[in-house]
Structures are given as C-alpha cells and as structure tokens.
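The values are calculated or read from the model by the stated rules, or taken from the named source; none is laboratory data. Since we're looking at a predicted model, the values are computed, not measured. Backbone-built Cβ (ideal geometry, glycine too); neighbour counts: all protein chains shown. Just the protein is used for accessible areas: all its heavy atoms, side chains included, with ligands, DNA and RNA removed. Shrake-Rupley method; radii C 1.70, N 1.55, O 1.52, S 1.80 Å.
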Amino acid sequence: GSSSSENVQRKAIWQYVIQKCVINLHIVLAMSPTGDGLRTRCRNFPGLVNNTYIDWFQPWPKQALFPVASVFFAV
C-alpha cells in the first residue's frame, strides 16, 4: 500500500495542477444572440453564464475591419 506521506504528496500535486488550470485555462465560446438558441442553452446549461464574462460584439464597419486585419495579419 501507499504511505500517508505519498498520499499527502499526491494531493499536493493534484491541488497544484488544479490551481494552475483555474488560473490559466481560458475558454472562448461564441454564440449568436439571435433566435431562441442562446436562451435555450443558457437555461439548459446555467454554468455558461455563471462566473463568466459576457462580451457583446456588434458588427464592425468595413472601414474598421481592413486596418485591424492588416495590423494583425501583417498584410
């Protein structure tokens, strides 16, 4: 069997991994707010809106899209 010091060590390593995941794991989820899909998903999966940051993006004008794309893609 494993000794209690091995159990403590395993728990400490696991806590370290969990802590690093909580700090560094970021997920980007994009959904269209039109129609019933977003409302249905939020109702079925409340974790999507709990403890999350929701950023609403509006359509960009073409005059803004091309200069931004040129900078990021070095065109």
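Rolling a 1.4 Å sphere over the protein heavy atoms, what is the accessible area per residue of the chain, to the nearest Å²?
Using a 1.4 Å probe on heavy atoms only, each residue of the chain averages 99 Å².
Among (1) 40, 29, 16; (2) 52, 26, 17; (3) 66, 39, 17, which one is Cα extents along the principal axes in Å computed from these coordinates?
The value computed from this structure is option (3).
What chymotrypsin sites (Phe, Trp or Tyr not before Pro) does the chain have in DSSP loop regions with at most 10 other beta carbons within 10 Å?
The qualifying sites are Y53, W56, F57.
Please report, ordered by residue number, every helix of the chain (full DSSP H runs) that is 24 Å or longer along its axis going by C-alpha atoms and whose mean Kyte-Doolittle hydropathy reaches -0.5.
Flagged H segments are 4-24.
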